[in-house]
1. Extending each Cα 7 Å along its Cβ direction at Ile397 and Asp354, get the distance between those two points in nm, one decimal.
2. Tally Lys and Arg at +1 and Asp and Glu at -1 over the other residues with C-beta under 13 Å from the C-beta of Ser339: what net charge comes out?
3. Where only protein heavy atoms count, and the probe is 1.4 Å, what is the accessible area per residue for the range 219-314 in Å²?
4. Towards the positive end of the charge dipole of the range 340-480, with charges on Cβ (+1 Lys, Arg; -1 Asp, Glu), say which of Thr367, Val439, Gly341 has the farthest Cα.
5. Per residue, how much accessible surface does the range 107-183 expose to a 1.4 Å probe? Answer in Å², no decimals.
6. Using r as the Cβ-Cβ distance of Tyr255 and Leu216, and R0 as 22 Å, what FRET efficiency do you calculate, to the nearest 0.05?
7. Please give the contour-minus-distance gain from Leu227 to Leu183: 0.36 nm per residue of separation, less the Cα-Cα distance, rounded to one decimal in nm.
8. So how tilted is helix 122-133 from the main axis of the chain? Cα-based, degrees 0 to 90, rounded to 10.
Amino acid sequence: MSLWGCVSAANFSSCQSGVVDFRNAGSIPRCCFRLRSQKMGSLAFGSGEFMARGLGGPSSLALVGSRQKKGVLPLQVVCVDYPRPEIDNTVNFLEAAALSSTFRGSPRPAKPLKVVIAGAGLAGLSTAKYLADAGHKPILLEARDVLGGKVAAWKDDDGDWYETGLHIFFGAYPNIQNLFGELGINDRLQWKEHSMIFAMPSKPGEFSRFDFSDALPAPLNGIWAILRNNEMLTWPEKVKFAIGLLPAMLGGQPYVEAQDGLTVKDWMRKQGIPDRVTDEVFIAMSKALNFINPDELSMQCILIALNRFLQEKHGSKMAFLDGNPPERLCMPIVDHIQSLGGEVQLNSRIQKIDLNDDGTVKKFLLTNGNEIEGDAYVFATPVDILKLLLPENWKEIPYFKKLDKLVGVPVINVHIWFDRKLKNTYDHLLFSRSPLLSVYADMSVTCKEYYSPDQSMLELVFAPAEEWISRSDSDIIDATMKELSKLFPDEIAADQSKAKILKYHVVKTPRSVYKTIPDCEPCRPLQRSPLEGFYLAGDYTKQKYLASMEGAVLSGKFCAQAIVQDYELLAVRGQRILAEAGSR
């Protein structure tokens, strides 16, 4: 049988026989014990919580005693991540699930379309996945030798992973949450406590928290979190901010979209909100959302995020993937695609888009000499790569001409392995509020695969990065260490006289997500292009989640939906092309 009950930190020292697993030291883990007996019946109790901040031990530890009573298996104490939030019945989740079901439920095509897709990031993977669900044959081409695009990761000679970015999965990402469920990998998301945690530059080594109450519905839980925090904003500032937000709350989506022409800073001042609110909260949010500061970011981006986070009870709840994205997220999608007859090819870089006489796509020419033909073609690369490969006679078409204003923003991801376990951190995402750093996390605590009992590995987003993208890795590490010495004054010094660097990796992305500056919204293209048989997918294309993983996945679903809707047209087009080729 299994006997479950609550356990406190005081119990651990008295365990003579058992297994103890801390996966959340430095946070507030959910913890329970299980006592197995071969003779007893079954009795269950709910799990409880205990404070682990004072334990001072590693975040994952197993202790097995030597004595065991006959007929009784060892006491097991397991601290696990927070349970998956109840998001399956939200309007947005059900809407996303309904869209997914249209692909599985669509009539099976008499002749599946061969759809050639460039780019195996989340947008391309999503496009291919849902086309395969609808009975078609996607051929997914990836230029590099790694899956994931902006969520790519690599393993170094020591077997440690380093990533393109620090990726967070929110409760307000309904299409991603559906995707995990459809693949049967919900357990790969490690959910954290419902909080947003900010470093305090004026109080080095201290943090300020916005804790969302599980007992309150949205938006009251978010309002409560803001009202309870008195360290970052004064009451007069909170009142002015609330009054300033009223038009957005009352005006809904039309009002939000109308704010695209204003920067965050300009909008705040227009609404009479003190600059200190921007400095204290929205510099950090702006850099976390788009890697740029509030004087550049479109206010529409902030309002969309606030709308998702405040209108959905679990919208701002965060989860980390339990390991590296290529294996833990991308490979299950690839396996699914291949199980339905699709193909995924790495090291297949597009050299040229070859055209028919009428200006439509004839085939993709690859740098390896291969030529790939299909019934339809999709570009699911970043917008900057698409623009480099656009055929000359496409560039003046308004649909493509508008892309000129969409430019990827540079970003740098930094990984530092230290010779010790840092104490002044959490099992959570942390907003650094540093002029050079955006957000960071101790991945040796937050991620199961990256766990280490003896060393911390900080993964940090270095942003804004425009002035640093051409600098050397050592310059970037030196600057990062100076900032970390302010966040960890008792543990880290810029000269490494305290915690020492064992190794580091710096990943530069000169053109990442599109820079969400004012007046970009009209330039974002629909997934169906004006050229018959050619489609786009990517977070820069038209969808409501802007530049994010959720936006990339949703864009792929919209792209697949457009192709499925165009099936008859594309099938006839394919027959016409075959007939013309046969008559030559």
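1. 1.9
2. -2
3. Details: 4190 Å² over 96 residues.
With all protein chains present, the range 219-314 gives 44 Å² per residue.
4. Checking the options against the dipole of the range 340-480, the answer is Val439.
5. I get 28 Å² per residue for this part.
6. Approximately 0.30, to the nearest 0.05.
7. Details: separation 44, 0.36 × 44 = 15.84 nm, distance 3.92 nm.
In short, 11.9 nm is gained.
8. 70
The values are calculated or read from the model by the stated rules, or taken from the named source; none is laboratory data. Please read these numbers as outputs of a predicted model, since none were measured by experiment. Using ideal geometry, Cβ is built from the backbone for each residue, glycine included, and neighbour counts are taken over all protein chains shown. Note: areas computed on protein heavy atoms with side chains; ligands, DNA, RNA excluded. Shrake-Rupley method; radii C 1.70, N 1.55, O 1.52, S 1.80 Å.
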